[in-house]
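A short write-up of the structure that comes next.
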Amino acid sequence: MATSAHAYVRGNTLKFYEWLEADDRTLPQGPPVWICGDCHLGNLGPLADIDGHVDIQIRDLDQTVIGNPVHDLVRLGLSLAMAARGSDLPGITTAHMIEQMIAGYIHGLEHPDRSVDIDDVMPESVRAVIKTSLSRKWRHLARERIADVSPTIPLGRCFWALSAKELTAIRELFNDPALHAMVTGLLRHDTRSAVTVRDAAYWMKGCSSLGRLRFAVLVEVHDSTGGRFGLVDIKEAVQAAAPRSVVSMPSDNAERVVAGARAIAPFLGDRMRAARLLDRSVVVRELMPQDLKLEFDRLSRLEATRAARFLAGVVGRAHGRQMDDTLRRSWRDELNRGHPSELDAPFWLWASVVDLVAYHEAAYLEHCRRYALAEAA
């Protein structure tokens, strides 16, 4: 997180909700729907459904809750603003980005069932990722994640050896009928096909993996016609930091994540199951070759405003598909209400983003100071 202010924002969800709770914020209260809870640029990208169709959706739902959709909008606005700062773009570009965010979000809200098309107006970097996603096969995923297409997971910096107890628990987990059906369905086999765990390892994937269960599992589904390999991610589900609405929601964290994913990102949600492993709540997800992360290293002014409109549209569709026509119109009207004549975006969104940028810039510099002191010790 010390590499850039944008990386710090991406890796520190708690700071956002700390800001949110610090004062009485004058944010509108949107209709209670499943929200991402951690809606930054890196958590959106191409996802494949079980038939291999690709769409841009929200791809990380660890923090998902039924809550205020405004929280996703504000967090995305912060992420976009920090990306603009990292690209040395002037403040006026950030102002235009926030304006485009609202336009894109409302358009997505009004067209919740529409999928992304390669000919849509979007940043060229996003178009390139979509084209790459559409061309990827199992061999690309295997070489990227486990270094080879052979049926083993190479131990090293990212993958660590399991204890006999952990390996036994993982093998037993795949005897569960729900997981068996998920894996055989995704690998285009009959549900009666045999599923074999070929290899498994602890997956060290970022700081969030420390102290929590995170496993990569190489499975093979085989029948009389042959076999196919698949890579499964098992991740411990933890308590969400995002504020939630006072409505019924699964109390089990893994069930909450899966329910949120099915509402917000159905391409991903249909490939996930909640389970128990070693007395902990875990989310089991089949990884697909088409799943990629959006990266914005350097943005031009045009690419920045296009990214803001396009990505806010993705979030608008995620929220909108959970509402009926009446609720969508009501929420759209609320977002359009009270704009100053000289500003096309609601003032509460602009003011929130400006405040958050300053808040996170200060926290980032303090983080870097502590990091430098630790290095020197």
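Summary of values
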quantity	calculated
Net lengthening on full extension, Asp51/Ala358 (0.36 nm per residue, minus Cα-Cα)	106.1 nm
Thr326-Ser4 pseudo-label distance in nm [points 7 Å out on the Cα-to-Cβ vector]	4.6
Exposure proxy ranking, count of Cβ atoms within 10 Å, fewest first, for Arg228, Arg329, Arg306	Arg329, Arg228, Arg306
Shape category assigned to region 5-69 from the gyration tensor of Cα positions, a/c cut at 1.5	oblate
Pairs of lysines in the chain (C-alpha under 26 Å apart; 8 or more residues apart or interchain)	13
Relative contact order %, the chain, counting alpha carbon pairs below 8 Å whose residues are six or more apart	29
Residues Cys158, Cys39, sorted so that the one with the fewest Cβ neighbours within 10 Å comes first	Cys158, Cys39
Rg ratio (alpha-carbon, reference 2.2 N^0.38 Å) - the chain	1.01
Extension gain (nm, one decimal) between Asn12 and Val247, 0.36 nm per residue minus Cα-Cα	81.9 nm
GNM top mover of Ile118, Ile146, Ile58 - the chain, alpha-carbon springs below 10 Å	Ile118
Additional length obtainable on full extension of the chain from Asp120 to Leu134, 0.36 nm per residue less Cα span	3.5 nm
Asp88/Lys293 FRET efficiency (R0 35 Å; Cβ-Cβ; nearest 0.05)	0.95
Residue with peak Gaussian network fluctuation, the chain [Cα springs, cutoff 10 Å], from Ala164, Ala201, Ala312	Ala164
Ascending count of other beta-carbon atoms within 10 Å, so fewest first, for Cys368, Cys36	Cys368, Cys36
Choice from Arg212, Arg321, Arg309 with maximal GNM fluctuation in the chain (Cα, 10 Å cutoff)	Arg212
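Just so you know, all these numbers are worked out from the coordinates, no wet-lab data involved. Here the structure is a predicted model, which means the values were calculated and not measured. Neighbour counts run over all protein chains shown; Cβ positions are idealised from the backbone, glycine included.
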